[in-house]
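Each remark here refers to the structure printed beneath this line.
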Amino acid sequence: MAHRFDALTADVMRAGGTWKWSGQGVAGGTDRHGRGLIGAFVAEMDFPTAGPVADAVRASVDASRVGYLADAWVADMAAACSAFWTDRFGWTVDPARIRPVPDVMTALVATIEHFTPPGSPVLLPMPAYMPFLTVPGRLGREMVPVPMTTDPFALDLEALDAAFTSSGSRLLVLTNPHNPTGRLFTAEELAGVAEVVERHGARVFADEIHAPLTFDGRAHVPYASLSDVTAAHAITATSASKAWNLPGLKCGQVILSNSDDAATWAEHGYLAEHSTATPGVLATTAAYTHGRPWLDDVLSYLDGNRALLREASLPGVDAVVPEGTYLAWLDASGLGLDEPASAFFAREAGVVMTDGALCGGPGGMRLTLATARPVLAEALERMAAALPS
Ligand SMILES: Cc1ncc(COP(=O)(O)O)c(C=O)c1O
């Protein structure tokens with residue numbers, strides 16, 4: 001049976017003017033065959049956000065709740081987030097330990113600045129979410145890449161251990177579910193990470209922005225929920241922005257899982273919290289509280305898109321079907337191209353993806369699956385037809 005998202009055409013989305021359908025030359029651009037470009041590079045969904053979210057934004061405007069954030073609105077949002085995390089992931093966090101930030105990026109910056117020794121390097125498993133490669137450098141910190149093992153992608157504990165030793169880093173950036181590989185790390189894998197981190201007296205920035213986006217009946221495991229040890233060395237950042245498609249509303253959450261960190265945040269977190277948007281906080285409360293049916297529907301739709309990718313025939317391209325997130329990693333190194341694969345497929349197939357090199361994974365590409373299924377089908381068909389024979 002057709003789903004309402006099936007009716008979203010590329011033309012409709014181009015007219016919508018989102019970054020995904022206008023940036024990187026997508027607006028007005030064509031491929032070598034004169035076909036319009038398909039935007040598949042941003043981690044954003046093409047689906048209109050949930051009704052309760054839209055209602056909350058409208059209500060915030062109608063009631064002139066567009067001024068500075070009131071404590072009561074923060075408290076409501078924290079309670080809603082806590083209830084969602086308890087129900088969905090089995091981890092109960094005191095709402096008082098959930099603080100607002102505009103976005104996860106701000107939370108990372110605050111974590112580096114206030115929870116690590118001045119000047120200390122930052123460890124980043126590779127490939128990684130693109131901006132994480134450069135944010136430490138912008139703060140005067142060295143970013144130390146730690147390649148993941150491949151086939152399947154996994155965190156390389158020995159490499160992490162060695163990188164902590166050689167760099168003197170005190171912070172690991174741990175994204176789970178993982179962007180761009182789509183891995184959903186298991187409790188056992190995370191426990192292995194915790195051991196290494198603890199051995200080096202280090203911290204974990206647990207980026208769990210994609211937490212609600214998991215498949216095959218598997219639930220996200222919050223890193224800090226594993227044990228007292230992980231709760232003591234983790235700072236968790238999340239947001240409703242990926243699961244309910246509202247990153248422009250500027251509301252994320254920092255979860256402080258020990259009292260020392262809560263005290264540090266109370267002292268230093270003001271600037272990070274300050275840019276959080278009031279309508280975003282109200283919309284986030286609505287998403288966590290009333291947006292679950294919408295989310296479940298989206299997850300089942302995305303699952304269908306995963307199936308489409310699984311069935312696609314792209315000889316020479318190793319497509320990793322994500323366990324979590326709506327991002328697929330495509331390793332095109334088997335094609336032996338003499339140019340970045342993303343450039344090849346943008347020109348030859350009109351599909352605009354994120355080049356793997358930007359994620360620290362040259363030869364790969366990141367494809368966003370969160371679009372109408374007919375659009376994804378067309379993208380995959382065009383890519384198959386473009387393959388060198
Ligand atoms: C893994 C991951 N972390 C962080 C971000 C950035 O999130 P925010 O917009 O909340 O800064 C993204 C956005 O795509 C992401 O995928």
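The values are calculated or read from the model by the stated rules, or taken from the named source; none is laboratory data. Source: prediction; values computed, not measured. Counting neighbours? That spans all protein chains shown, and the Cβs are built from the backbone with ideal geometry, glycine included. All accessible areas refer to the heavy atoms of the entire protein, side chains included, with ligands and DNA or RNA removed. Shrake-Rupley method; radii C 1.70, N 1.55, O 1.52, S 1.80 Å.
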Solvent-accessible heavy-atom area per residue, rounded to whole Å², over the chain at 1.4 Å: 39 Å²
Ordering of 327-335, 305-313 by burial proxy (mean other Cβ atoms within 10 Å per residue, highest first): 327-335, 305-313
Antiparallel bridges, percent of DSSP beta bridges restricted to the chain (to nearest 5): 55 percent
Within the chain: Cβ-based charge dipole about Cα centre, in debye rounded to nearest 20 (Lys, Arg +1; Asp, Glu -1): 840 debye
Heavy-atom accessible surface of the chain: percent carbon and sulfur, 1.4 Å: 55 percent
J(HN,Hα) series, segment 71-83, from Karplus relation 6.51 cos²θ - 1.76 cosθ + 1.60, nearest Hz, glycine and proline x: 4, 5, 6, 5, 4, 4, 5, 5, 5, 5, 5, 4, 5
For segment 68-290: rounded, prolate or oblate by the Cα gyration tensor [a/c cutoff 1.5]: prolate
Inter-site label distance for Tyr68 and Asp296 at 7 Å from Cα along Cβ, in nm: 4.1 nm
Full-extension gain in nm, Ala385 to Arg32, via 0.36 nm per residue minus C-alpha separation: 125.8 nm
Mean shadow area of the chain, taken as a quarter of the surface of its Cα convex hull (nm²): 18.8 nm²
Nearest-0.05 FRET efficiency for Asp6 and Glu158, computed from C-beta distance (R0 51 Å): 0.65
Stretchable slack from Ala59 to Asp216, in nm (0.36 nm times residue separation minus alpha-carbon distance): 53.0 nm
Highest-first arrangement of 199-206, 347-354, where packing means the average Cβ count within 10 Å: 347-354, 199-206
Pair Thr86, Ser275: separation of 7 Å Cα→Cβ label points (nm): 3.3 nm
